[in-house]
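Each remark here refers to the structure printed beneath this line.
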Amino acid sequence: MLQVLTTKQLRGLGMSRRQLAEAKQCCLRLVRKGHYVIRKSCDDDHHGPIRGLSADRDTSFPKTFGDLRDEAEELRVQIACRLDELLPGDVFSHVSAALIHRLDPAVLESSKVEISRDSPTRNYDGVFIYSRRLPPEQVSSAFAYPVTALPRTLADVALDRSLEVSVPLISQALRSGEVGRADITDLLAKGQRGRRRALLAVDLSSAEYESPAEAVCAVKFHRFGITGMVPQVDTFTESGRFIGRNDFRHRFAAVAVEVHGLGKFYLNPHGPDEAAKLSHQRNMDLLNAGFKVFNLSFGDLFRPSIFAAIKRAIETTDQRETG
């Protein structure tokens, strides 16, 4: 858990103004006025008053990845800094709740902390308040933070956010086995604003997607009218030799799509170089077997021309049945 301290708490721990000024250049980060997060542990004298907190086994420090994941990590820090300002009955919800449930969004769309409260909707700097009256069973007590239960979290995201946000989160939860589709759709009341989009989000989601980027790709297939793309397909040559497992392959056309999301090569147990080598070999084998292969970076998922090319390829390449 991130350790957030206010100026008053730091003074109470005995940190002097000089120590605070030094710590801000080293192990403390000012997140917003009067609120600091411990960035790391250090051996300097200024760290003395907070050494016990930073050494606690339950303490975690903000991470830096150097890519889009930094946006989610920053939102986690902002969530931690709002905990002491919650009113009775407030709960973190939507994408903020998804982060607390340890889901990884592909895109955020907003850097604001999201809270559900039995009051009118409000939009503040850094915080968005949703008007929600939640029954006790829709609030989780499994975390140090008051947060909507996972089915409620996913239903809220599906109702109020785009498919690019909701489908990756729902897909991760389905893949983990923590929720089923009915757990989400049962919370989507008839006539509720956003229900049609939310039902579509659940329908487009799949436990087969192995990364948030693959889920975004599935959303883009829908947006560009591309049908027949099957996730996680074992591909063979016409003689029966195994080539590899594709992120997506068309059911009939000889078209395969590989999505190289954030960190894909770095998650390989043999390292990124070996992963890149295997990916290149699989790509060459597919080309030699007559497939049209599209290798998409995360940025490519937001380029309409890429999906127009995929659609054209499906319409013009050789047909062969998947599976």
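From the list Glu85, Glu73, the one residue that fits, being farther than 20 Å from Val167 by Cβ, open to solvent by 10 Å² or more (accessible area, probe 1.4 Å), under 13 Å from the mean Cα position of the chain (by Cα) and without any contact (Cβ under 8 Å) to a residue 12 or more places away in the chain, is Glu73.
Every residue in the range 36-54 that is in contact with a Ser or Thr (Cβ under 6 Å, 6 or more places away or on another chain) and of a type outside the set (A, V, I, L, M), please. Residues satisfying the conditions are Ser41, Ser54.
Applying the condition of being under 22 Å from the mean Cα position of the chain (by Cα) and open to solvent by 50 Å² or more (accessible area, probe 1.4 Å) to the range 183-197 and asking which residue is nearest to Ala173 (Cα to Cα) yields Asp183. When the range 11-29 is filtered for residues that are open to solvent by 20 Å² or more (accessible area, probe 1.4 Å) and in a strand (DSSP E or B), only Arg29 remains. Of all the numbered requirements in (1) at pLDDT below 95; (2) surrounded by 14 or more Cβ atoms within 10 Å (Cβ to Cβ), Asp156 misses one, and that requirement is (1).
Tyr130 meets each of the listed conditions (1) in a loop (DSSP other than H, G, I, E, B); (2) open to solvent by 20 Å² or more (accessible area, probe 1.4 Å) apart from (1). Each residue in the range 148-188 was checked for being without any contact (Cβ under 8 Å) to a residue 40 or more places away in the chain, assigned to a helix (DSSP H, G or I) and of a type in the set (D, E, K, R), and 3 of them qualify. Answer yes if at least one residue in the range 281-288 is modelled with pLDDT under 95, among the polar types (S, T, N, Q) and within 30 Å of Phe65 (Cα to Cα), and no otherwise. Yes, the range 281-288 contains at least one residue that is modelled with pLDDT under 95, among the polar types (S, T, N, Q) and within 30 Å of Phe65 (Cα to Cα). Kindly establish whether Lys8 is open to solvent by 80 Å² or more (accessible area, probe 1.4 Å), under 28 Å from Val113 (Cα atoms) and more than 24 Å from the chain's Cα centre (by Cα). It is true that Lys8 is open to solvent by 80 Å² or more (accessible area, probe 1.4 Å), under 28 Å from Val113 (Cα atoms) and more than 24 Å from the chain's Cα centre (by Cα). Tallying residues that are under 20 Å from Lys63 (Cα atoms) and either open to solvent by less than 20 Å² (accessible area, probe 1.4 Å) or in a strand (DSSP E or B) (or both) within the range 30-52 yields 10. The set of residues in the range 108-127 that are exposed (fewer than 14 other Cβ atoms within 10 Å of the Cβ) and more than 16 Å from Leu75 (Cα to Cα) comprises Asp118, Pro120, Thr121, Arg122, Asn123. Of everything listed in (1) in contact with a Pro (Cβ under 8 Å, 6 or more places away or on another chain); (2) open to solvent by 50 Å² or more (accessible area, probe 1.4 Å), the single unmet condition for Pro105 is (2).
In the range 214-232 there is no residue matching the filter, namely being open to solvent by 60 Å² or more (accessible area, probe 1.4 Å), under 24 Å from Gln138 (Cβ atoms) and at pLDDT 95 or above. For Gly194, the stated conditions hold: it is modelled with pLDDT of 95 or more and not polar (S, T, N, Q).
Remark: pairs (first residue in the range 304-316, under 8 Å from Ala253 (Cβ atoms); second residue surrounded by 19 or more Cβ atoms within 10 Å (Cβ to Cβ); Cβ separation under 6 Å; 6+ apart in sequence or on different chains) = Ala313/Val255; Ala313/Lys292; Ile314/His250; Ile314/Ala253; Ile314/Val255.
The values are calculated or read from the model by the stated rules, or taken from the named source; none is laboratory data. In this text the structure is predicted, and so the values were computed from the model without any measurement. Quick reminder, even Gly has a Cβ in these numbers, built from the backbone with ideal geometry, and neighbours come from all protein chains shown. In case anyone asks, the SASA skips ligands and DNA or RNA and just uses the protein heavy atoms, side chains included. Shrake-Rupley method; radii C 1.70, N 1.55, O 1.52, S 1.80 Å.
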